Amino acid sequence: MTSYTLSEVVQRKLSEALLEDQDLLVSLRRVRLAEDPDRAGLYRCQCTVAVRRPLDPETAELRQLDVSLRRTDDGFEAFDLTGLEGLADQFE
């Protein structure tokens with residue numbers, strides 16, 4: 001099974017959106033990676049995570065994320081993601 005790790009940047013973005021690392025890691029294991037044609041050795045994928053609402057944790061909003069990854073010695077590291085923009089503003 002392929003191993004996935006998250007960079008500090010990705011961990012911070014998840015934390016700001018009140019997501020746990022596992023939320024993204026589980027989703028990454030379910031999708032197929034595609035090598036970025038413009039940058040050799042880098043990969044991209046789209047995955048979906050359920051973002052829980054802070055005042056109503058039983059409901060969630062599905063968000064599609066675009067994740068950038070690079071190969072490591074034992075798998076892949078997610079080093080950037082988009083799709084969580086604007087969530088931190090909702091929680092203030």
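For region 55-74, does any single residue satisfy the condition of being in contact (Cβ under 8 Å) with a residue 60 or more places away in the chain and touching a Ser or Thr at 6+ places or on another chain (Cβ under 6 Å)? Yes, region 55-74 contains at least one residue that is in contact (Cβ under 8 Å) with a residue 60 or more places away in the chain and touching a Ser or Thr at 6+ places or on another chain (Cβ under 6 Å). Taken together, the residues in region 40-51 that are closer than 14 Å to residue 84 by Cβ and in contact with a helix residue (DSSP H, G or I) (Cβ under 9 Å, 6 or more places away or on another chain) amount to 5.
Taken as a whole, the structure leaves residue 52 outside the set of residues that are within 18 Å of residue 29 (Cα to Cα), charged (D, E, K, R), without any contact (Cβ under 8 Å) to a residue 40 or more places away in the chain and in contact with a strand residue (DSSP E or B) (Cβ under 9 Å, 6 or more places away or on another chain). Would you point out the residue of region 1-30, among those that are within 21 Å of residue 53 (Cβ to Cβ), of a type in the set (A, V, I, L, M, F, W, C) and not in a loop (DSSP other than H, G, I, E, B), that is farthest from the chain's Cα centre (by Cα)? Taking the candidates together, the pick is 26.
Being at pLDDT 85 or above, in contact with an Asp or Glu (Cβ under 8 Å, 6 or more places away or on another chain), loosely packed, with under 13 Cβ neighbours inside 10 Å and not β-branched (Val, Ile, Thr), is that true of even one residue in region 18-40? Among the residues of region 18-40, not one is at pLDDT 85 or above, in contact with an Asp or Glu (Cβ under 8 Å, 6 or more places away or on another chain), loosely packed, with under 13 Cβ neighbours inside 10 Å and not β-branched (Val, Ile, Thr), which makes the answer no.
The set of residues from region 1-39 being in contact (Cβ under 8 Å) with a residue 24 or more places away in the chain, over 21 Å from residue 85 (Cα atoms) and in contact with a Cys (Cβ under 7 Å, 6 or more places away or on another chain) comprises just one member, 33.
The values are calculated or read from the model by the stated rules, or taken from the named source; none is laboratory data. Being a predicted model, the structure only gives us computed values, none of them experimental. Every residue, glycine as well, gets a Cβ built from its backbone with ideal geometry; the counts of neighbours run over all protein chains shown.
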